[in-house]
Amino acid sequence: MDVELTRSRIGGRVRAPPSKSYTHRAILAAGYSDGAVVADPLVSADTQATMRAVEAFGGCVDRTDDGRHLDVEGFAGRPGVPEDVIDCANSGTTMRIVTACAALADGLTVLTGDASLRSRPQGPLLDAVEQLDGRAESTRSNGQAPLVVGGGVEGGAVSIPGDVSSQYVTALLMAGAVTDDGVAIDLETALKSAPYVDITLEVLADFGIEATETDAGYLVPGGQAYGRDDAYPVPGDFSSMSYLLAAGAVAGSEEGVVVEGARPSAQGDSAIVDVLSRMGADVSWDREAGEITVWRSDLSGIEVAVDDTPDLLPTIAVLGAVADGETRIVDCEHVRYKETDRVSAMATELEKLGASVTETPDTLTIHGGDSRLRGATVAGHDDHRIVMALSVASLVAEGTTTVEGADHVDVSFPGFFDVLYDLGAEPIEHER
């Protein structure tokens with residue numbers, strides 16, 4: 001599906017979707033338990049992949065009639081051997097957390113995904129499983145899916161790099177809790193995207209699991225049991241909020257855009273509020289009420305490091321294209337290994353819209369003073385975050401912008417375009 005958007009003014013009140021990161025972890029944590037309820041989950045293409053994996057290991061996931069809860073019957077820390085291949089679709093989080101889970105099973109699990117996911121690096125996690133005396137292989141011997149994993153690991157010590165993906169750490173911590181001996185993780189390099197591991201530690205604690213950060217990395221003792229008596233509430237998603245807040249800052253009406261569901265949590269992407277403030281946006285966060293309000297503002301370029309917040313790069317790049325001066329996004333090489341090379345994708349598509357951009361392996365610089373956005377046909381690169389960021393840019397580009405592959409927002413924010421329309425964007429949709 002392609003979406004056409006024209007220059008618009010938007011305003012009003014909207015609720016942020018639930019967090020994808022928390023939903024993934026909560027579903028698998030409930031799967032590791034005897035059974036648990038996940039309240040207000042994000043039901044999207046990515047999180048449904050994690051639901052399928054829990055069921056493949058012997059659990060069951062039922063969505064209540066009102067859609068507000070997932071009733072998860074777990075496999076009690078003992079995943080069975082799936083009857084078929086587990087298809088993780090486009091979900092890198094699913095692939096990685098499920099890989100460690102599969103290592104607990106006595107038999108072998110085969111994991112695959114779409115073309116994009118099959119190009120993403122899994123090698124360090126496979127090495128970690130082998131260090132735990134499990135079996136973990138790439139069928140093409142290139143560290144990429146399809147993967148064959150198993151071996152009934154019992155715990156131990158692993159050494160892995162921290163600068164490729166924090167999801168390796170998340171996967172090992174979640175699986176390590178139910179091993180006999182636990183897992184000690186030694187990080188060979190500084191950890192990128194560390195706030196995502198903070199999310200993991202928070203979810204683990206909420207399910208009764210002890211795990212700690214150490215001088216060397218992380219430690220999770222073995223012999224633990226997942227569980228909780230009440231429903232686990234999923235917080236609002238700051239990654240998804242970033243597009244709504246950016247839209248308000250560049251195209252907001254006098255009433256502004258109010259985003260509900262913004263209660264403080266371990267999410268690193270809440271840094272978008274600080275980024276907007278530093279750029280000169282008129283933004284206010286009522287943390288107790290969980291509401292952020294932003295009004296259209298004159299923005300100025302800044303330097304932003306995204307080593308801990310890679311998912312914010314597309315949003316910040318769009319803000320930089322609208323701002324005066326230069327916006328320099330640094331520490332972003334690892335952002336090239338997401339659903340697509342997001343650094344290159346944003347550089348390419350913003351240039352189509354008239355932005356002046358300079359790209360190096362680890363930086364993306366947007367020369368706002370030399371940029372004047374105008375409508376064009378831009379590619380979504382089969383990436384939900386690229387699609388949403390370019391849609392925000394279309395609200396301030398002169399003329400009409402066509403965003404190709406807009407249906408990929410279903411990965412994390414299925415109602416994204418409905419929200420934009422409700423806020424005042426004027427669209428024309430058409431099927432390809």
Notebook entry, point to check: Within region 20-223, what percent of beta bridges assigned by DSSP are antiparallel, to the nearest 5?
Noted result: 75
Note to self: How big is the dipole moment of the chain about its Cα centre under a simple scheme where the beta carbon of each Lys and Arg is +1, that of each Asp and Glu is -1, and everything else is neutral? Debye, nearest 20, please.
What the structure shows: 600
Checklist line | Cα centre as origin, Lys/Arg/Asp/Glu Cβ charges: region 337-432 dipole, Debye | finding: 300
Checklist line | region 130-150 versus region 155-171: alpha-carbon centroid distance in Å | finding: 15
Notebook entry, point to check: For the residues PHE238, PHE416, what sequence is obtained by ranking on other C-beta atoms within 10 Å, fewest first?
Noted result: PHE416, PHE238
Next item on the list: Considering the options THR327, GLY182, THR170, tell which one lies farthest towards the positive end of the dipole of the chain, charges being +1 on Lys and Arg and -1 on Asp and Glu at the Cβ, about the Cα centre.
Entry: THR327
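What does the charge count near ASP383 come to, summing +1 for each Lys or Arg and -1 for each Asp or Glu among other residues with Cβ under 10 Å from its Cβ? Each step should come with its number before you reach the end.
Details: positive: LYS338, ARG342, ARG385; negative: GLU339, ASP341, ASP382.
Spelling it out: positives minus negatives among the neighbours equals 0.
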Notebook entry, point to check: What per residue convex hull volume, in Å³, do the alpha-carbon atoms of region 152-264 yield?
Noted result: 128
Notebook entry, point to check: Which of the lysines could a cross-linker span from LYS352 if the Cα-Cα distance has to be under 16 Å and same-chain partners fewer than 8 positions apart are dropped?
Noted result: none
Next item on the list: Among CYS60, CYS101, rank each residue by its count of other Cβ atoms within 10 Å, from fewest to most, as a rough exposure measure.
Entry: CYS60, CYS101
Next item on the list: Starting with the fewest neighbours, write out ARG385, ARG96, ARG228 ranked by other beta-carbon atoms found within 10 Å of each beta-carbon.
Entry: ARG228, ARG96, ARG385
Margin query: So if I take the centroid of the Cα atoms in region 68-93 and the same for region 341-400, what is the distance between those two points in Å?
Written below: 36
Check: Suppose every K and R has +1 on its Cβ and every D and E has -1 on its Cβ; what is the size of the dipole of region 20-223 about the Cα centre, in Debye to the nearest 20?
Finding: 620
Notebook entry, point to check: Based on DSSP H runs of at least 4 residues, each adding -39500 (n - 2.57), what is the mean residue ellipticity at 222 nm of the chain after dividing by all its residues, to the nearest 500 deg cm²/dmol?
Noted result: -9000 deg cm²/dmol
Notebook entry, point to check: Summing +1 for each Lys or Arg and -1 for each Asp or Glu, what net charge is found among the other residues whose Cβ lies under 15 Å from the Cβ of ARG68?
Noted result: -4
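Find the eigenvalues of the gyration tensor of the Cα atoms of region 20-223, then list the square roots of 5 times those eigenvalues as equivalent ellipsoid semi-axes, largest first, in whole angstrom.
Square roots of five times the eigenvalues give 23, 19, 16 Å.
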Check: What's the Kirkwood radius of region 213-341 in Å, using all Cα pairs?
Finding: 16.4
Checklist line | Shape category assigned to region 214-282 from the gyration tensor of Cα positions, a/c cut at 1.5 | finding: oblate
Notebook entry, point to check: Toward the positive end of the charge dipole of the chain, about the Cα centre and with charges on Cβ (Lys, Arg +1; Asp, Glu -1), which of PRO161, CYS60, VAL318 goes farthest?
Noted result: VAL318
Notebook entry, point to check: Along the charge dipole of region 20-223, which of GLY92, SER33, ALA128 sits closest to the positive end, that is, farthest toward it, with unit charges on the beta carbon of Lys, Arg, Asp and Glu (+1, +1, -1, -1)?
Noted result: GLY92
Check: In whole angstrom, and with the biggest value first, how far do the Cα coordinates of the chain range along each principal axis?
Finding: 59, 45, 45
Item checked: Peptides 77-87, 185-195, 321-331 ordered by average Cβ neighbours within 10 Å, highest first -> 321-331, 185-195, 77-87
Note to self: For region 1-110, compute the orientation-averaged projected area of the C-alpha convex hull (one quarter of its surface), in nm².
What the structure shows: 8.9
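Values in this text are rule-based calculations from the coordinates and carry no lab data. What you are looking at is a predicted structure, and each value in this text was computed from that prediction instead of being measured. Cβ: placed from backbone, ideal geometry, glycine included. Neighbour counts: every protein chain shown.
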